[in-house]
Amino acid sequence: MSVIETFSKRHWQIEEETRHRIRVEGLKGNEKALREQVAQDSRRRKVKNAVVEKLRPGWEMEMNETERWVVQALSGKLEPKPQDRAIVPGREVPALVEWADKHVFERKSVVADYELWSEALARGRGENFEVETVKQTVAERGYIRDRETGKLTTLEVLRRELFLVEAVNAGRRKYRALNADYKPAASLSEEQSRAVKQILGSRDLVTLFQGGAGTGKSHTLAQVVRGLEAANHPVVVLAPQNQQAADLRKDGLGEAQTVARALAAKVPLPRGAVVIVDEAGQIGAAAADMGKLVRQVREVEGRLILSGDTRQHGAVAASDALRAIEQYSDVKPVRLETIRRQDPERMRTVEQKKFVTKYREAVQAAAAGDLGKSFRLLDEMGCIQELDTEECYQKLAKAYCEAVSGDRPQKVLAVAQTWAEVREANAAIRQKLQEVKKLGRGVTVTAWQPSGLTEAQKRDARFLCKFQSGPDAGMGAYFVRDYGRFKKGDLCEIAGLGEQGVLLRKEGLVTEVSHEYAERFVVAESHSVEVATGERLLMKFNGKSVEGRAIRNGDLVTVKKVLSDGRIRVTGEDGKRKTLSAGQRMFVPGYAVTSYASQGKTVDTVLLAHANGETLVNRQQWYVGISRARGKIAVFTGDKEALRMHLEQASGNRELALSINPDEQSIEAARQLNQRLEEAFQHDLCVNSWQQHQSLHESVGLGQEVAVATEIAHGIEPAASIEPAVELGIEPSAAPVVAPAIKPEQKPEAAEVSEKISQQVWWQIHQHIAQQNNYHQSRGRGIRL
């Protein structure tokens, strides 16, 4: 029992009294309301004069030795010694805001100013500075601010999204049709056949192929590949994740590989290649992702087909590239609308056919964005059950066991929205499986799970020293790229912190790895998990088994045997046997997964856990979750009305930088930027070396904005100069974007340089503002330059 549980007396009193009333008085109904009534009836008056000094001895007596050790260990962290330091305005704050900028903009294109304030303040905890200094520093950084909401984006983020849209528009109707005469296979539906013809008849650089969950996109793409090969086009098939690429290979889409692997390859794309990207909605717009892919395709005079569904989960990285192209480019997507996963004709009985027909209507409503209708249809079908929180997990576990048992065991998946709910669901299902003898005797092992830290957090010592209490728990580093004696796939314990980096223990030897190389590993958190024969595990890493077979992040495997030397024999969903080495411990229980992890999976039965009525649910989570099954769905919630309200108010799409309607201050900041650029270049005309030229950029304090404008002034395609940095694993936000050196014989006149910079910088901003003015003109808004 934890310290919190020990002192949660009031909670246990309420629980005990509630169970007593249900048992003795036979009370039924909403347990949540009954619990609240018990809390009100049994509330005691507060004890007067209950000061800490009098209460502490009693508290210490109630704790056991372990609990006292935990409190003592935490006390030093929670009560730092006061530091007598004078406030030094502006000296440390810019660095804090710079860190906050890198952290929040890694996964968002648009943020509120208070998000930057909050992260900067948290980063500077223990330092002595004023909050107003943080606010002022944020205000002076030259962010582009929306005139209505006040939300912020950066010129760099906006430039990335603009580049994609402009590249797509520039490639419209500039090419020959891919294979306009191809006749698709007769096995395709009329809708699928039409989609194949439209894609192969495209004359655009980028062709968009959109289809909802279960519409048969992969089957259709297989025919597109055959049509391309018939016209002798080199075909490259990509997907964001290893598991997705493996699924494409099983569907007959050639040697599919991940986007990251293709971009990192030293061998360029074949000349004239047609690159097909499935699940393209999960790719960000950063230079290392979609931006770099578009550039590589253009360099080989190739073509790009982007297949995906922006109504499902998008990219983890900032900027949803596919959605930016869909919303702001002139290219119209080829669409599949008919859902085939929920097919009544595949059902055996009349009742099953009726159920699946209504189930498909609920999925169609969610795909159309009408989550309220989707909820209502499922509720009318009896698929949504309102239960007490604990009972939700018990009922879900029972339904899971029933699905995998019997004469016709089904493929089943439980889906929850938060990791806390996933853990609760996994624990309940596992307990039920043990009760029905579906699991053998378990062995407790230490497993690991990615922590989800951003690159900025990984380079910050305080985020790497958040060790959990206890001797066997902590954090580790899983290497995704080789570094020195650490090889890809190594999982090493974080032993502490050094002066310049993190201390990692491998084979008994501790090595300090500089924070500069944090992109080489993923920070993982340890947890104890019991593994038994029959166990279901979700793999959280990419690697190879002892036999050399592929193990992919997101694979669901079943344990066949736990060996005495620590190895674990498993079988994948394809039935192939694999052996995990004693060091391959990046996994979690796999009965229940998050909505994001469930995307792309197809099962017979899906069970959704919404036990916590306070948990918010967005559109993607609901749509992805309910659409996984072919024939059966059940939703378990602790508060049906709260879930319905959350869905009706749900959003889900992150804002794009292109959606920002700049305010007057942003325009004025851009004007000032032009003036500073002119002064900087006039000062720089006599500099003869590249090192001095680069130093100037740093001295004027313009950061990346200067570099972006400089590369435009020299006629360099945006972001082209950061690609070598990306190859080295440096984040785009951290990599300096630089212009080539101005050699003495190439010196232009100062006025000419200044005018060119001004014109080019303003051309890009002007283009965006013009688009926004057209959009907002009907509402009486708009801005002028």
What shape does region 443-531 take by its C-alpha gyration tensor, where a ≥ b ≥ c are the square roots of the eigenvalues and a/c under 1.5 counts as rounded, a/b above b/c as prolate, and the rest as oblate? prolate
Give the long-range amide H neighbours of residue 474: residues separated by 5 or more places, or on another chain, with amide H under 5 Å away, using H modelled in the peptide plane at 1.01 Å from N. 468, 526
Sort region 172-336 into rounded, prolate or oblate with this rule: let a ≥ b ≥ c be the square roots of the eigenvalues of the Cα gyration tensor; rounded if a/c is under 1.5, and if a/c is not under 1.5, prolate when a/b is larger than b/c, oblate otherwise. rounded
Using a cut-off of under 11 Å, list every residue of region 243-273 whose amide N is near the label point 7 Å from the Cα of residue 170 along the Cα-to-beta-carbon line. none
Simple SL model, points at 7 angstrom along Cα→Cβ for residue 357 and residue 574; separation in nm is 3.9
Express the relative contact order of region 560-613 as a whole percentage, based on alpha carbon pairs under 8 Å and six or more residues apart in sequence. 19
Could you tell me whether region 248-298 comes out rounded, prolate or oblate from its Cα gyration tensor? Rule is a ≥ b ≥ c as square roots of the eigenvalues, rounded for a/c under 1.5, then prolate if a/b exceeds b/c, otherwise oblate. oblate
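We did not get these values from a lab; they are worked out from the coordinates using the rules stated. These figures come from a predicted structure and were not determined experimentally. Every residue, glycine as well, gets a Cβ built from its backbone with ideal geometry; the counts of neighbours run over all protein chains shown.
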